[in-house]
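Any read-out appearing in this document is the output of simple, stated calculations on the displayed coordinates, not a laboratory observation. These numbers come from a predicted model, not from an experiment. Cβ coordinates were reconstructed from backbone atoms using ideal geometry, including for glycine residues, and neighbour counts include every protein chain displayed.
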Amino acid sequence: MKTSADLVRDYLSAVEREASALPAERRQELLADLAEHIEVTRAERPDTAIGEILAGLGDPRTIAATALAEAGVGSTVLLGKGVEDAPARRGKVHPLVPLLMLTLSLPFMMIFPDLPGPAFGVLFRIVGAVLLCTSVHWTTVQKTTGVLLTAVLPSAVFATANLSGTGPATGTPALLANLTVFVLLAGTAAWLWRARRV
């Protein structure tokens, strides 16, 4: 007859097996959270059978599918009576594409200062921000930070400079401002590249 420890170990093994597509670190976090929840519930309700506690947590497949969906990795698909693993979800656009679009929008506007340069630069920035936001390669916080630093902040700086009574800066001040913004864009893109999910 299986002991409580055996039942818990079997349950956590089933979750681990179902969540095998998760990155190892995230999978270990999930298992640690479940183990802690089981321990806390057992301490709070010592008279409750371990099977009832595990049933209260839910089916290992459901837990794994939820974790996979939250992580944007993939999920399991129910087909008929059996369950087949769907391939891990991959982005349709390479993660380098939005980063290049966001970074190169400024040099494009600097190299081609007359129309259509600024129009294409703004278009690059908008498309790059949309691709970044819809990508599966970054977390929500990383996406938000990336869009703020590569699209919103530079646009606000340029809009403020252009709408101020002095008009757009020219010469050395303009070059220094543009280089500073470019360093911000390139630095943010490098950070996002290093932080991406593989």
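Numbers for the structure displayed
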item: Environment charge at R27 (Cβ cut-off 14 Å; Lys +1, Arg +1, Asp -1, Glu -1); result: -3
item: Calculated FRET value between L57 and V141, using beta carbons and R₀ = 25 Å, to 0.05; result: 0.35
